[in-house]
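Undergrad: Pasting in a structure now, in C-alpha cells, and then I'll have a few things to ask.
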Amino acid sequence: MKVYESAENYLETILILKRRNGYVRSIDIAKEMNFSKPSISNAMKQFRKSGYIEMDENGFIELTEKGLALAERVYERHCLLTQYLVSLGVRKETAKEDACRIEHVISDESFEKLKEHTGKHMEQNKNE
C-alpha cells in the first residue's frame, strides 16, 4: 500500500502527541494539525482499516507496530533534516517547514548518506 504525505503527517503527529502527552485522541490531532474533527475522524477510520492504528472504547489512539515504524521513520527524517538545515544557517522555523516537505520525498539512499555525513560532521566538530 502506498502511503501518501498526508498519511505520514497524521502518523507523525500521533507519535509526537503520544510522546508529549502520553495519550492521543482525535480531538488532540485536530487541534495539533488545525483540521476539522470530521476530517480527523475519517482519516482515523482509514488508518484503523489499514492497520496503522488501534482505538480503544474511550477513543484513545495507539499506533500499531506498522504505524509506529512508519511514524518513527518520518519523524527521524524530520528531526535530522531540521537540524541539518539549521546547522547551515537556515532559520529554525524555515528549516522545520522545509524539512516537513523534504522528509516525504527524499529517497532512503539519500537520507542514509545524509545521516552518515551529518554524523561524521558532528563527530569532527566535537574533536575541534
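The values are calculated or read from the model by the stated rules, or taken from the named source; none is laboratory data. Keep in mind that this is a model prediction, so the values were computed, not measured. Methodologically, a virtual Cβ is constructed for each residue, glycine included, from the backbone with ideal geometry; neighbour enumeration extends over all protein chains shown.
So that you can scan it fast, the table gives a plain yes or no per residue for (1) under 26 Å from Lys113 (Cβ atoms); (2) among the hydrophobic types (A, V, I, L, M, F, W, C); (3) in contact with a His (Cβ under 6 Å, 6 or more places away or on another chain); (4) assigned by TED's automatic domain parsing to the domain that holds Glu112:
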site: Tyr23; (1), (2), (3), (4): no, no, no, no
site: Asp28; (1), (2), (3), (4): no, no, no, no
site: Met55; (1), (2), (3), (4): no, yes, no, no
site: Lys92; (1), (2), (3), (4): yes, no, no, yes
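Undergrad: Under 9 Å by Cβ, and 6 or more places apart or on different chains, what pairs join a residue from region 50-61 that is within 9 Å of Arg25 (Cα to Cα) with one that is in a loop (DSSP other than H, G, I, E, B) and modelled with pLDDT of 95 or more?
TA: Phe60/Tyr23; Phe60/Val24; Ile61/Tyr23; Ile61/Val24
Undergrad: Does at least one position in region 107-126 carry a residue that is surrounded by 13 or more Cβ atoms within 10 Å (Cβ to Cβ), in a helix (DSSP H, G or I) and acidic (Asp, Glu)?
TA: For region 107-126, residues surrounded by 13 or more Cβ atoms within 10 Å (Cβ to Cβ), in a helix (DSSP H, G or I) and acidic (Asp, Glu): absent.
Undergrad: May I pose another question? Answer yes if at least one residue in region 71-88 is in contact with a strand residue (DSSP E or B) (Cβ under 8 Å, 6 or more places away or on another chain) and either β-branched (Val, Ile, Thr) or buried (at least 16 other Cβ atoms within 10 Å of the Cβ) (or both), and no otherwise.
TA: Yes.
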